[in-house]
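Asks: Sharing a structure here in structure tokens format.
Nothing in this text is a laboratory measurement; each read-out follows from the coordinates by a stated rule. Bear in mind the structure is a predicted one, so any value in this text is a computation, not a measurement. Heads up, the Cβs are rebuilt from the backbone with ideal geometry, glycines too, and the neighbour counts pull from every protein chain shown.
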């Protein structure tokens, strides 16, 4: 659980290419919990650990989103089998 003083709650400098987990989740349209679970399972975007803080580069988020695109539902379903 994040406390008010935890690294996850400290804002990143405005205009920075790096986002904390909550900001990154909003950027890609996911909940904080979903992005955290994707990170733990190894299925999410690339990230960096800076001490206790997890940060994401915007470029890595964009690349990950690009890699999740599909042309049809059958293409998506076929990839998981």
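Asks: Based on C-alpha coordinates, I'd like the Rg and Dmax of the range 20-81, in Å.
Replies: Radius of gyration, then largest Cα-Cα span, for the range 20-81: 12.7, 42 Å.
Asks: What does the extension gain come out to for residue 40 and residue 68, with contour length at 0.36 nm per residue minus their alpha carbon separation?
Replies: Taking residue 40 through residue 68 to full extension adds about 8.3 nm, to one decimal.
Asks: Which distance in nm do the two modelled labels at residue 75 and residue 52 give, with both placed 7 Å along the Cα-to-Cβ direction?
Replies: Those two pseudo-labels are separated by 4.3 nm.
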